[in-house]
1. Can you name every one of the helices (runs of 4 or more DSSP H) wholly within the stretch 224-288 that holds 2 or more residues which are within 18 Å of Ile191 (Cβ to Cβ) and out of contact with any Phe, Trp or Tyr (no Cβ under 9 Å at 6 or more places or on another chain)?
2. When Val199 is evaluated against the numbered criteria (1) outside any helix (DSSP H, G or I); (2) surrounded by fewer than 21 Cβ atoms within 10 Å (Cβ to Cβ), which criterion, by number, is the only one it fails?
3. How many of the residues making up the stretch 266-288 are closer than 24 Å to Thr34 by Cβ and surrounded by fewer than 16 Cβ atoms within 10 Å (Cβ to Cβ)?
4. Please verify whether Val222 is more than 22 Å from Ile35 (Cβ to Cβ) and buried (at least 22 other Cβ atoms within 10 Å of the Cβ), treating the condition exactly as stated.
5. Just to be sure I understand, how many residues within the stretch 37-71 are modelled with pLDDT of 95 or more and not in a strand (DSSP E or B)?
6. Tell me which residues, restricted to the stretch 125-141, are among the aliphatic types (A, V, I, L, M) and touching a strand residue (DSSP E or B) at 6+ places or on another chain (Cβ under 8 Å).
7. Restricting attention to the stretch 38-64, which residues are within 18 Å of the chain's Cα centre (by Cα) and surrounded by 21 or more Cβ atoms within 10 Å (Cβ to Cβ)?
8. Just wondering, is there one or more residues in the stretch 17-32 that are surrounded by fewer than 18 Cβ atoms within 10 Å (Cβ to Cβ) and either among the small types (Gly, Ala, Ser) or within 17 Å of the chain's Cα centre (by Cα) (or both)?
Amino acid sequence: MINTEKELLNRIEINLKSIKEKNALTHCITNSVTINDCANAVLAIGGSPFMAEDAEELEEVVTIADVLVINIGKLSKDQIKSMKISSQTANKTNTPIILDPVGVGVTELRNRTTMDLIENYDIAAIRGNISEIKAIAKLVGVLDESNTAKGVDVNLDDIITEENLKANGDLICELADKLNTVILASGPLDILSDGETTVVIDNGDDMMPLITGSGCMLSSIVGSCIGGSNPFEGSLVAILAMNIAGEKARAKVDANDEGTGSFRAYLIDYLYKTDSETLVKEANIRIL
């Protein structure tokens, strides 16, 4: 258990070095809307993307992969079958699984798929926005209140603020403990918990949700970072790398009087340029 922010920051250099040296083969079953950005983000952070989906080859792919990322953004019957085959193989080979439950709480299909994966397979980490995390908390009985999901975006009533930070942190910690997994809830403030240590990350930029795929990219690099580290510390490196890259991309966009298209390209650029000195210097984290 890590007890101080200093301990967390001291681990960043070791973890980032391991992530880049490992070059984790990151098998992503993701959605066609963002698959190219996810592959480029994985390459930029130091991983090696593999975007296989056909059921016929998945056992072979997962057997050689270092990590499996499942994103339910654009579901189909064939894709759900592939997710189950991959998850079953991953558990046999002790390959970490990262779940991005895109839009859970919106439809019964997404709810069933998410719960099937959570209940039947060992999930190393779940990365979603706070509305998605609350939807899962409701499905597993940790949260009683009614929550109306807003498509794949966070509900305005759910946005993490300083005023509701403690309550959200406690909820995410309880959910992580109940599911025996690491949970990363992303938003204006990000919360990361393994059920023991809960960290708030106050980095990032409000342009990030204005491009399609920023959350999917984050989940993919969470996978690469976990593949080269461990679920809690890998997730922390990933969210810091993504958020600080977002801050730098926004600064360049503003300096050049550009827009979201340029921001998207710069985000990948600064992910590629991620170094431990910058992460430690610019990280704004605290333990709840």
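The values are calculated or read from the model by the stated rules, or taken from the named source; none is laboratory data. A quick note: this is a predicted structure, and the numbers were derived from the prediction, not measured. Positions of Cβ are backbone-derived with ideal geometry, glycine not excepted, and every protein chain shown enters the neighbour counts.
1. Details: elements: 231-255, 260-272, 276-282.
Ranges flagged: 231-255.
2. If we test Val199 against (1) outside any helix (DSSP H, G or I); (2) surrounded by fewer than 21 Cβ atoms within 10 Å (Cβ to Cβ), just (2) comes out false.
3. Total meeting the criteria: 3.
4. On the way: more than 22 Å from Ile35 (Cβ to Cβ): no; buried (at least 22 other Cβ atoms within 10 Å of the Cβ): yes.
Here the answer is no, as Val222 does not meet what is asked.
5. Of the stretch 37-71, the ones modelled with pLDDT of 95 or more are 37-51, 57-71.
The next check asks that each one be not in a strand (DSSP E or B); those that pass are 37-47, 51, 57-66.
Result for the stretch 37-71: 22.
6. Within the stretch 125-141, the subset among the aliphatic types (A, V, I, L, M) is 125-126, 130, 133, 135-137, 139-140.
Of everything in the stretch 125-141, those that are among the aliphatic types (A, V, I, L, M) and touching a strand residue (DSSP E or B) at 6+ places or on another chain (Cβ under 8 Å) turn out to be Ala125, Ile126, Ile130, Ile133, Ala135, Ile136, Leu139.
7. Just the residues of the stretch 38-64 that are within 18 Å of the chain's Cα centre (by Cα), to begin with: 38-51.
Once the filter is applied, which keeps residues that are within 18 Å of the chain's Cα centre (by Cα) and surrounded by 21 or more Cβ atoms within 10 Å (Cβ to Cβ), the stretch 38-64 yields Cys38, Ala41, Val42, Ala44, Ile45, Gly46, Gly47, Pro49.
8. There is at least one residue in the stretch 17-32 that is surrounded by fewer than 18 Cβ atoms within 10 Å (Cβ to Cβ) and either among the small types (Gly, Ala, Ser) or within 17 Å of the chain's Cα centre (by Cα) (or both).
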